[in-house]
Every structure is written in structure tokens, then in C-alpha cells.
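The values are calculated or read from the model by the stated rules, or taken from the named source; none is laboratory data. Please read these numbers as outputs of a predicted model, since none were measured by experiment. Here Cβ is always computed from backbone atoms with ideal geometry, including for glycine, and neighbour counts include all displayed protein chains. Remember, those area values only see protein heavy atoms, side chains included, never the ligands or the DNA or RNA. Shrake-Rupley method; radii C 1.70, N 1.55, O 1.52, S 1.80 Å.
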Amino acid sequence: MIDEHNDTDNLILNLLAADDTAACSLLYKCHNKAVYDYVKDFIPDHDAAKDIVQELFTAIWIKRHSLNLVLPLRKYLFRAAHNKAINYDRDRRTRHRLMGEIVNRSGHGRVAPPADTELETRELEDQIKHALARLPMHARKTFLMSRKQGMTYKEIADHFHVTEKAVEKNMSKALSLLRQYLGIYIKILLIALIE
């Protein structure tokens, strides 16, 4: 079985080196479930774990020429997934801490909000609304249903009568475009959407 994985991994490495997109499909087919199960041990949220895995596979394709991938690929994938899961958890804790600070400054706590905080909050809300408005319709609806309404990919797929793959594609597109549109605001995007 290990030789079979090594043969497949060698083929994947050769396809990546040749810029053949079949590498992505083969990498995903061979390693997605194992990497997803590994991430789920750290991140119990199904959608977040799927996002982390999808971002990992996308990053491998984008950085294929600068990565020093060696056999077995799964060892590299687990290490990279572990790092992404740690970063996700750290960012999640930071968001919660920042949300607590925002709540305290918004008048629900004892601290009165400084004038510039209100201005920054309004500016952030405007940037987020503008970025969301720029998203293609299906990507925007998918993103809002997932992040604001807490719907799973399956529930969204059932709602739109499409496959979960289509939902994943729309979500990936939305996240990519939001990162591009919001730049430095991306870290606090989810805080604003929870309100």
C-alpha cells in the first residue's frame, strides 16, 4: 500500500512540475479525506475544516514551483494542515478577544467608545458591505448563508438545489474575492458579520 501511495505521489509531483492541472484532482482524490480527518481533530467545525483543507490544496497548486515537496506527500500535507489549523484557532481566539473589546466599547460594557472607534467601525462596515456587494450573486448568497446564518454546505446545496461541490466552489470564490477586496480588514470580517 505504501508503494502504491509513493507511486501516486511521484505521479502527482511530476504533474505539478509539468503544470498539469490533473495534479490537483489526483492530489485531492488521494489525500483529501485523510487530511480532512486530521484537521477535524483540531477544528471540530465541519465548514472551517473543509475551508482549511481546500485552502491547503489550492496553496499547493499556486506555490507548486517554490515548494520543496518530497515523499511521502501525506507527511507534508499533515504538517501543513496542522499549521493552518493552529493559525485558524489563533485567529479565532483573536476574533473573540476583539469582539469582546468591541462589545465593551459599543456601550454594552462600562467603557465609552472613543470617537475614532465609531468612525472606524462605520468605515469597516462600509468596506464589508461594498466588498459583499461586489461578489457574484451566488457566491455572495452562499457566503452569507454559511457565515451569517450558520448553514452547512449541505443545507445550502439543498436550498439552491445544487451539489455540495457547487457550494464549495461558490464559497471558495467568495473567500478569495473577499481577501482581495478587503486586504487588511479580512481579520475582523467575521466579527462584523456576527452582529
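The eigenvalues of the Cα gyration tensor, multiplied by 5 and square-rooted, give the stretch 49-98 an equivalent ellipsoid with semi-axes of 24, 11, 9 Å from largest to smallest.
When the surface is traced with a 1.4 Å probe over the full set of protein chains, Tyr28 keeps roughly 80 Å² accessible.
Can you figure out the FRET efficiency of His161 with His46, using R₀ = 25 Å and their beta-carbon distance, to the nearest 0.05? According to the calculation, E is roughly 0.75. Basic side chains Lys and Arg get +1 at the Cβ, acidic Asp and Glu get -1 at the Cβ, and with that the dipole of the stretch 1-64 about its Cα centre reaches some 140 debye. Against the compact-protein benchmark of 2.2 N^0.38 Å, the Cα-based radius of gyration of the stretch 11-63 scales to 1.19.
3J(HN,Hα) along the stretch 165-173: 4, 5, 5, 4, 5, 5, 5, 4, 4 Hz, from the Karplus curve 6.51 cos²θ - 1.76 cosθ + 1.60 with θ = phi - 60°, whole Hz, x for Gly and Pro. Only protein heavy atoms count here; on that basis, with a 1.4 Å probe, Thr58 has an accessible area of about 60 Å². Along the stretch 127-141 the Karplus relation, 6.51 cos²θ - 1.76 cosθ + 1.60 evaluated at θ = phi - 60°, assigns HN-Hα couplings of 4, 5, 4, 5, 5, 5, 5, 7, 5, x, 3, 5, 5, 5, 4 Hz to successive residues, with x for each Gly and Pro. 3J(HN,Hα) couplings calculated from phi for the stretch 14-20 with the Karplus curve 6.51 cos²θ - 1.76 cosθ + 1.60 (θ = phi - 60°) are, in sequence order, 5, 5, 4, 5, 8, 6, 8 Hz; Gly and Pro show x.
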